[in-house]
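The values are calculated or read from the model by the stated rules, or taken from the named source; none is laboratory data. The structure presented is a predicted model; accordingly, all values stated were derived computationally and were not measured. Reconstructed Cβ throughout: ideal geometry from the backbone, glycine too, with neighbour counts over all protein chains shown.
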Amino acid sequence: MRKLLIVLLSLYAAHLHAEPLRIGVSVADLGNPFFATLAVALGESARAMHPGDVTLEVRSSAYDLERQVNQVDAFTQARMDIIVLAAANSEAIGPAVRRAQQAGIVVAAVDINAQGADVTVTTDNVQAGAVACGYMAERLGHSGRVAIINGAPVSSVTDRVAGCRAVLNRHPGIELLSDDHNGGGTYSGGLEAMTYLLNAYPDLEAVFAINDPSAMGAASAARLAGQPHLFIVAVDGSPEGVAALRESPPLLVASAAQSPRQMAETAIRESLRHLAASERQENQVIRLSTHLVTRENAETFDHWGGAPPE
């Protein structure tokens with residue numbers, strides 16, 4: 001009992017004397033449920049892992065490089081301990097990352113690669129695109145006319161499209177009609193992109209959208225156009241996307257689910273480890289696998305509520 005009391009008092013004393021932790025966060029779009037959940041989870045993870053006070057400042061870059069550079073530089077000038085960012089441009093953000101590191105700040109890239117980041121934690125986006133489009137190919141019987149609703153030219157999006165295309169290329173009976181229409185990763189962008197695709201290709205049978213918001217916009221466009229025969233697959237596994245899987249008739253039929261909470265927990269844990277190290281650590285790259293959510297398993301799926309299933 002005495003030893004237990006000593007341990008508890010030591011932990012309490014450590015808590016009282018722990019240095020405050022300051023974290024600056026710059027993500028692409030706080031209107032996107034993925035990034036909103038990621039930002040909340042970063043704060044929750046930091047407070048769970050750090051014994052002292054935690055201050056979290058969150059900004060949205062809106063995929064604007066200049067805006068994000070200004071945000072990162074402001075975090076650097078404010079002497080943050082950790083900067084977490086989803087890069088607006090993986091390569092061009094590099095100088096701002098280096099300025100932060102020269103000031104002794106640990107930089108973690110989440111969702112999207114950022115040149116030179118101490119820690120990079122993303123979904124395995126090539127796998128995500130391959131999983132979603134593998135399901136699409138099977139559902140089509142390996143033959144049909146398909147399109148891709150693309151997004152911003154960032155690593156997460158280009159990797160998803162590359163994974164999808166690699167699967168489609170293995171099936172000569174599948175004709176890819178379009179893959180360069182940018183839906184911007186938003187509901188309105190997906191609606192606009194799908195409207196264009198349906199006008200240009202009235203016999204379109206299936207679509208891969210790079211995330212759930214654009215997929216749900218695409219589904220609305222298909223309903224408005226009276227085209228319930230086609231189907232859509234995506235990447236995210238968001239609560240809104242999982243709810244859409246249960247609709248009748250289902251137009252969004254599958255989504256390769258990400259785990260923003262696991263991404264946040266991993267980024268904070270590894271950033272704290274880098275921060276505590278007596279000398280600079282090697283850069284880390286961690287890819288998180290995805291799990292396909294369909295109408296059949298949607299009822300039991302709680303991916304965004306915790307870690308993904310094994």
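Considering only region 1-89, give the helices (runs of 4 or more DSSP H) lying wholly within it that have at least 1 residues that are in contact with a Ser or Thr (Cβ under 6 Å, 6 or more places away or on another chain) and modelled with pLDDT of 95 or more.
65-77
Inside region 248-262, can you point out the residues that are buried (at least 24 other Cβ atoms within 10 Å of the Cβ) and in a helix (DSSP H, G or I)?
Selection gives Pro260 alone.
Filter region 273-288 down to the residues that are surrounded by fewer than 13 Cβ atoms within 10 Å (Cβ to Cβ) and of a type outside the set (A, V, I, L, M, F, W, C), then identify the one that is nearest to Asp111 (Cα to Cα).
Glu282
Working carefully through the options Asn70, Asn89, Asn113, Asn169, find the one that is free of Cβ contacts under 8 Å to residues at least 12 places away in the same chain, over 24 Å from Thr294 (Cα atoms) and not aromatic (Phe, Trp, Tyr).
Within the list Asn70, Asn89, Asn113, Asn169, the selection yields Asn70.
Within the bounds of region 234-252, is there any residue that is among the polar types (S, T, N, Q), in the same structural domain as Glu138 (by TED's automatic domain parsing) and touching a strand residue (DSSP E or B) at 6+ places or on another chain (Cβ under 6 Å)?
No, because not a single residue in region 234-252 is among the polar types (S, T, N, Q), in the same structural domain as Glu138 (by TED's automatic domain parsing) and touching a strand residue (DSSP E or B) at 6+ places or on another chain (Cβ under 6 Å).
Determine which member of the set Gly173, Gly217 is crowded, with 21+ Cβ neighbours inside 10 Å and modelled with pLDDT of 95 or more.
From the options Gly173, Gly217, the qualifying one is Gly217.
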